[in-house]
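What follows is a set of notes on a single structure, which appears directly below.
The values are calculated or read from the model by the stated rules, or taken from the named source; none is laboratory data. Everything numeric in this text was worked out from a predicted model, so none of it was measured. Neighbour counts are summed over all protein chains in view; Cβ atoms, including those assigned to glycine, are modelled from backbone coordinates with ideal geometry.
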Amino acid sequence: MDNAEGNEFIAIDDRRYIILVIYDIVDNKRRNKMVKCLEGFGVRVQKSAFEAYLTKKSYEKLMNTASHIIDTKEDSLRMYLLANHTSVRSWGKGHDHVEDVIIF
């Protein structure tokens, strides 16, 4: 949609974020399931790290799906949502993790 000055407006739902996912999963079956899940959202950049470029809705779907794969007693899962150039929002599940950390 354009405004009167010709500048384009972008709907909030169309905004995309860079997501970094890192994990440490001890069980091969769960690890393979996690890899298959993450490949549906992004690309593998290291053995236990994936990057994705997602909408907020896709990010929330990824969080929900991935969090059901791990065993919180044995595994670790971290997701970092890079919202802009000056801050990073961190979310994690498994092992000790501080929720919703903002780094400036």
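Taking the criterion of being in contact with a helix residue (DSSP H, G or I) (Cβ under 8 Å, 6 or more places away or on another chain), buried (at least 16 other Cβ atoms within 10 Å of the Cβ), part of a helix (DSSP H, G or I) and not aliphatic (A, V, I, L, M), the only residue of region 21-79 that qualifies is Cys37. Considering (1) closer than 12 Å to Leu20 by Cβ; (2) in contact (Cβ under 8 Å) with a residue 12 or more places away in the chain, the lone condition that Val45 does not fulfil carries the number (2). With respect to the conditions (1) closer than 18 Å to Glu39 by Cβ; (2) modelled with pLDDT under 70; (3) not acidic (Asp, Glu), Lys61 lacks only one, and its number is (2).
What do you reckon, is Asn28 modelled with pLDDT of 95 or more and more than 20 Å from the chain's Cα centre (by Cα)? I'd like the intermediate steps shown before the answer.
Values: modelled with pLDDT of 95 or more: yes; more than 20 Å from the chain's Cα centre (by Cα): yes.
Spelling it out, Asn28 is indeed modelled with pLDDT of 95 or more and more than 20 Å from the chain's Cα centre (by Cα).
Taking only region 48-70 into account, find how many residues are over 15 Å from Arg15 (Cα atoms) and without any contact (Cβ under 8 Å) to a residue 24 or more places away in the chain. Number of matching residues: 3.
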